[in-house]
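The values are calculated or read from the model by the stated rules, or taken from the named source; none is laboratory data. A quick note: this is a predicted structure, and the numbers were derived from the prediction, not measured. Ideal geometry is used to build each Cβ from the backbone, glycine not excepted, and the neighbour counts take in all protein chains shown.
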């Protein structure tokens, strides 16, 4: 019985690790920043997301922090709703051309640290 429990535990841990991505996929040597309008967002775990269209017309998928971290730092779900203007700083994905990991986001002149 102990062996079966151990095997189940290992399989569950492996399954969760497949769903979580590492931060090494983001180019920390090439920080980027832009201002744009949020067109869509989620406030969930393991990470929130925002789709942001820049003033130049490029559309980025912005990987945010987990909902609990955003909430503890004062960034509430209604603050990142569609139609909101956001200034975002972070790192571009090495392979996905229009994805970035946000380090901080500024909404209405208030900056929220996400990492």
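Selection over the range 91-102 of residues that are buried (at least 21 other Cβ atoms within 10 Å of the Cβ) and under 18 Å from residue 56 (Cα atoms) gives a count of 1. Summed over the range 69-101, the residues that are within 12 Å of residue 27 (Cα to Cα) and part of a strand (DSSP E or B) give a count of 7. Taking (1) surrounded by 10 or more Cβ atoms within 10 Å (Cβ to Cβ); (2) at pLDDT 95 or above in turn, residue 7 satisfies each apart from (2).
Pairs linking a residue in the range 49-75 that is free of Cβ contacts under 8 Å to residues at least 60 places away in the same chain to a residue that is assigned to a helix (DSSP H, G or I), with Cβ atoms under 6 Å and 6 or more positions apart or on different chains, are 50/80.
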